[in-house]
Structure formats: C-alpha cells, structure tokens
1. What order, most packed first, do the peptides 145-151, 52-58 have when packing is the mean number of other Cβ atoms within 10 Å of each residue?
2. For the range 93-157, what is the convex hull volume of its Cα atoms per residue in Å³?
3. Within 15 Å, Cβ to Cβ, of V115, how many net charges do the neighbouring residues add up to if Lys/Arg are +1 and Asp/Glu are -1?
4. Once you place label points 7 Å from the Cα toward the Cβ at V135 and D98, how far apart are they in nm?
5. From the Cα gyration tensor of the range 1-88, with a ≥ b ≥ c the square roots of its eigenvalues, which class applies: rounded if a/c is under 1.5, or else prolate if a/b is larger than b/c, or else oblate?
6. Using a Förster distance of 30 Å, how high is the FRET efficiency between R146 and A74, based on the Cβ-Cβ distance and rounded to 0.05?
7. Would you mind getting me the FRET efficiency between Q48 and A82? Use the beta-carbon distance for r and R0 = 41 Å, nearest 0.05.
8. Applying 1/(1 + (r/R0)^6) with R0 = 25 Å to the Cβ-Cβ distance of V126 and E153, what FRET efficiency is obtained, to the nearest 0.05?
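Computed from the coordinates by the stated procedures, all read-outs in this text should not be read as laboratory data. Predicted model only: the values in this text are computed from it and were never measured. We place every Cβ from the backbone using ideal geometry, glycine too, and count neighbours over all the protein chains shown.
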Amino acid sequence: MADEGFTVFFEGAYPRVVGQLQLLTGDLAAAEDAAQEAFVRAASRWRQLSRYDQPEAWVRMTAFRLAIDQLRRASRLRRLLARLGSRRAPDAELDPQDRAVVEALGRLPLPLREVLVLHHCLDLPVETVATQTGVSVGTVKSRLSRGRERLAELLAPDRPRAVPDPSGAVPEPTREPKEERHARP
C-alpha cells in the first residue's frame with residue numbers, strides 16, 4: 001500500500017500525466033485509463049519508486065506504453081467496427097486550433113506522434129525521449145524531423161508542394177540577376 005508521500009506525488013503528477021497522454025491519444029478517457037493504470041502500478045511499487053530521482057518519469061513511461069497498447073487495440077477495434085458499420089460518439093469540444101493539432105497528431109504514425117509529444121509538448125530533451133522510447137538519439141532526431149514536417153503539412157494543407165519532375169531531373173534553382181557593385185560611367 002502506498003504511503004502519504006504517494007498521495008502527494010499522485011495529486012501533483014496525475015493532471016500532468018493525463019494531459020500528456022491526451023496529446024498522445026487524442027482522447028481524454030483513454031488518457032485517464034492509461035494514467036490510472038500506471039499510477040496503480042506505481043502505488044504497488046512506491047517504496048522503490050520513491051527513491052528514484054524522477055518517479056514521474058517512470059509513471060509517464062509506463063502510462064505511454066499502456067496508452068500505445070490501447071491505441072493499437074482501438075485501431076483493431078475501429079477496423080472491426082468499420083466492417084460492421086458502427087459509428088463512434090463525438091469527442092468533447094476543444095477550440096478549433098487545439099482540435100486541429102490533436103487531429104493532425106492522430107493522423108501521424110505512432111512513433112512520430114510519441115516523440116513529438118514527449119519532446120515538444122513535455123519539453124523533454126532528445127536523450128530522455130530516446131531512453132523512454134527505447135531507440136537511439138539519432139532515431140529520435142529523425143522521427144522529430146519527419147514528424148514536424150508531416151505535422152506542418154497536415155496543419156497547412158493549402159500550402160503548395162513541390163511536384164516532382166516525371167523525368168527525375170532536378171530543376172535548376174532560379175537565380176536573381178546579380179546586382180552591379182559599381183555604377184558604370
């Protein structure tokens with residue numbers, strides 16, 4: 001059973017972890033489920049976790065893993081329900097800009113979404129994201145770059161994209177005429 005220190009830890013960390021998970025899942029109920037399960041597991045290990053420098057990092061990593069498992073199960077369920085013709089209930093209202101970001105994050109592959117949330121929303125350093133996700137620092141940087149690029153495309157769909165030349169030729173950059181440095185007499 002958790003002691004008094006756990007109660008204080010839980011009251012401070014729970015809202016943050018739920019908010020972080022909501023960015024990952026796009027669903028408050030799923031975020032709360034994963035956070036609650038992670039905190040139950042933390043409570044049973046509190047004697048050991050309380051000695052960690054950052055017990056919240058352990059809870060967050062556990063909660064993210066649980067949420068990812070839930071997302072995978074939900075994806076399988078959605079595919080099954082789509083075959084059966086069922087519809088999902090609408091989510092809680094967010095302001096339009098927040099809704100657009102959450103929806104765009106939801107369209108990204110899970111590995112990209114996970115590193116974007118951990119690094120940009122939680123302000124975790126790349127090295128910590130690598131440790132938490134179990135991949136190399138280079139992989140995290142690559143996922144961040146691809147994730148930011150894809151997120152920008154999703155949030156600005158009317159932005160013109162370069163159309164590749166079917167011949168495979170790389171177009172020459174357009175050059176501005178050089179400015180004369182000295183006036184001619």
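1. Ranking, from highest mean packing down: 145-151, 52-58.
2. Dividing the Cα hull volume of the range 93-157 by its residues yields 81 Å³.
3. Local net charge: +4.
4. Placing both labels 7 Å along Cα→Cβ, they lie 2.8 nm apart.
5. Taking the square roots of the gyration eigenvalues as a ≥ b ≥ c, the range 1-88 is prolate.
6. Values: r = 23 Å, r/R0 = 0.78.
Using R0 = 30 Å, I get an efficiency of 0.80.
7. Numbers: r = 43 Å, r/R0 = 1.06.
With a Förster radius of 41 Å, E is 0.40.
8. So the FRET efficiency works out to roughly 0.65.
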